[in-house]
Amino acid sequence: MFIVHVTPEIAPVAKVGGLADVVFGLAKEQEIRGNHVEIILPKYDSLRYDQVWGLTETYNDLWVPWYGGSIHCTVYFGFAHGRKCFFIEPHSADNFFNRGCIYGFNDDILRFAFFSRAALEFLWKSGKHPDIIHCHDWQTALVPVFLYEIYQHLGMTHPRVCFTIHNFKHQGVTGANLLHATGLNRPEYYFHYDRLRDNNNVHAINLTKGGIVYSNFITTVSPRHAVEAKDHGEGFGLEPTLHIHHQKYGGVLNGIDYEAWNPEIDRYIPFHYTADTIEDKYRNKIALRDRLLLSDNEKPIVAFIGRLDPQKGLELIRHAMFYTLHRNGQFVLLGSSPDSQINNYFWGLKHQLNDNPDCHLEIGFNEELSHLIYSGADMVIVPSRFEPCGLTQMIAMRYGTVPVVREVGGLADTVFDKDYSHRPLHERNGYIFRDYDFGGLESALGRAISCYYEYPEHFRELMKNAMRYDYSWNHPGQHYMNIYDYIREK
């Protein structure tokens with residue numbers, strides 16, 4: 001099968017969040033299964049060019065329709081850790097992708113609308129006819145709109161579109177100017193409720209809604225979150241649209257790259273181990289304490305690793321920090337926020353706790369240190385308000401680090417409570433709480449710390465249970481192939 005991913009990110013060359021890891025991991029799995037996979041993304045000036053091999057100009061005369069005229073683009077080809085990538089570079093005074101970073105500009109919607117049009121123009125002009133175009137998040141949600149309203153009339157009748165929504169919170173809501181810019185025009189047609197008109201604002205169009213309406217299948221990144229988005233208010237206004245299109249909508253749990261996240265071979269950790277040699281994990285715990293100047297004692301290390309975003313439950317992260325210290329544990333945080341107020345708040349906590357030998361806050365992101373924390377910590381907390389999938393808890397389990405999570409989205413699909421799950425004992429792998437409040441967090445984290453101290457053998461079995469789960473791309477890779485086969489036959 002010929003599959004093309006159209007995406008704003010791919011790890012490690014253009015990465016802001018988990019979306020980049022998902023595209024890389026899924027594309028890799030699809031190639032392993034014998035498919036021809038190509039990825040199209042913008043040629044940002046902030047690309048990690050040291051991670052791209054063989055970058056060459058491959059198509060130098062691409063003219064993309066824009067505002068009644070057109071913009072000249074050059075397309076480059078290169079390998080991103082083995083993945084076949086095409087990078088589109090527009091030559092325009094708008095300077096769409098030469099801004100030092102990927103997101104955060106007032107014209108982001110126009111920038112990525114242009115990219116979506118350019119991606120399809122490139123496929124058409126270069127004579128590529130993929131079986132599947134798989135697009136990701138609001139940034140590429142116009143791809144199916146362009147395909148079915150413009151390019152199928154030019155002969156691109158073969159491709160089917162799968163659209164994955166990684167986060168419903170960001171939808172690409174904008175005004176009628178976008179229609180004129182992209183050549184869709186006909187506002188009276190696209191502002192119809194059954195097409196692109198935003199569900200809550202009759203004067204706005206919603207790119208994500210357009211992606212849902214025009215795609216052949218829509219996925220979100222866990223089965224639980226698919227239900228939450230459609231039926232439990234987590235769709236951020238798109239619930240009615242998801243109900244209308246429910247027959248082509250579902251959830252596929254993300255995977256993680258088991259080559260990058262593998263305690264048996266991880267180049268970032270000093271001591272390798274398996275579920276059968278899990279005692280070597282404690283040597284990494286000592287190394288982590290040495291690295292962060294924590295006291296060497298018998299206390300459990302509780303960690304948080306991730307973006308400091310309100311979605312992640314900032315109040316509960318702070319509470320977990322002080323609760324862990326109160327319960328005779330150690331706490332490690334690695335994270336940062338694009339919001340300076342949030343960063344400053346956690347810098348204040350860092351200064352407040354700077355002299356505490358049982359606490360370390362690392363404000364920023366450090367790939368090497370994240371691996372050491374996963375391998376050295378005893379528990380990781382993920383107290384999210386909402387969580388479409390979550391990779392942190394799956395990575396933690398790979399390293400035998402027990403997850404303590406809120407029962408939402410992909411967290412509920414992957415973590416099964418030691419004390420209250422209906423699953424057999426050998427399938428239980430962590431601790432869960434339901435209510436988003438301090439009491440809820442303490443109910444799970446308190447049980448985890450108590451088990452660590454009072455029933456160490458039980459805790460050790462929980463660690464091994466977690467390590468035995470398979471959250472690689474193997475299963476989701478097959479699920480996506482099934483979806484592709486389904487929409488090709490329709």
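Before moving on, here are some points about what is shown:
- Filtered residues of the stretch 178-220 (kept if surrounded by 24 or more Cβ atoms within 10 Å (Cβ to Cβ), among the hydrophobic types (A, V, I, L, M, F, W, C) and out of contact with any strand residue (DSSP E or B) (no Cβ under 7 Å at 6 or more places or on another chain)): 207
- Scan the stretch 216-236 for residues that are closer than 26 Å to residue 201 by Cα and touching a residue at least 60 places away in the same chain (Cβ under 8 Å) and the total you get is 10.
- The lone exception for residue 97 - which of (1) part of a loop (DSSP other than H, G, I, E, B); (2) of a type outside the set (Lys, Arg); (3) surrounded by fewer than 16 Cβ atoms within 10 Å (Cβ to Cβ) it fails: (3)
- Within the stretch 202-213, not a single residue is more than 17 Å from residue 161 (Cβ to Cβ) and of a type in the set (Ser, Thr, Tyr).
- Consider the stretch 125-175 and keep the residues that are more than 22 Å from residue 65 (Cα to Cα) and either of a type in the set (D, E, K, R) or assigned by TED's automatic domain parsing to the domain that holds residue 311 (or both). The one that is surrounded by the fewest Cβ atoms within 10 Å (Cβ to Cβ) is 169.
- Verdict on residue 398 being basic (Lys, Arg), crowded, with 19+ Cβ neighbours inside 10 Å and under 20 Å from residue 461 (Cα atoms): yes
Conditions tested, residue by residue: (1) buried (at least 24 other Cβ atoms within 10 Å of the Cβ); (2) under 20 Å from residue 19 (Cβ atoms); (3) in contact with a His (Cβ under 6 Å, 6 or more places away or on another chain); (4) basic (Lys, Arg).
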position	(1), (2), (3), (4)
403	yes, no, no, no
411	yes, yes, no, no
439	no, no, no, no
442	no, no, no, no
472	no, yes, no, no
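- Among the residues listed as 88, 102, 109, 71, the single one being among the hydrophobic types (A, V, I, L, M, F, W, C) and more than 30 Å from the chain's Cα centre (by Cα): 71
- All positions within the stretch 229-256 that are out of contact with any Leu (no Cβ under 8 Å at 6 or more places or on another chain) and of a type in the set (Val, Ile, Thr): 241, 244, 252
- All positions within the stretch 93-126 that are of a type in the set (Gly, Ala, Ser) and either free of Cβ contacts under 8 Å to residues at least 24 places away in the same chain or in contact with a Cys (Cβ under 7 Å, 6 or more places away or on another chain) (or both): 93, 118
- Applying the criterion of at least 1 residues that are over 25 Å from residue 483 (Cβ atoms) and in the same structural domain as residue 168 (by TED's automatic domain parsing) to the strands (runs of 3 or more DSSP E) found wholly in the stretch 1-94 leaves 36-42, 52-66, 69-80, 83-91.
- Meets criteria (buried (at least 16 other Cβ atoms within 10 Å of the Cβ) and either assigned by TED's automatic domain parsing to the domain that holds residue 11 or not in a helix (DSSP H, G or I) (or both)) for residue 257: yes
The values are calculated or read from the model by the stated rules, or taken from the named source; none is laboratory data. What you are looking at is a predicted structure, and each value in this text was computed from that prediction instead of being measured. Ideal geometry is used to build each Cβ from the backbone, glycine not excepted, and the neighbour counts take in all protein chains shown.
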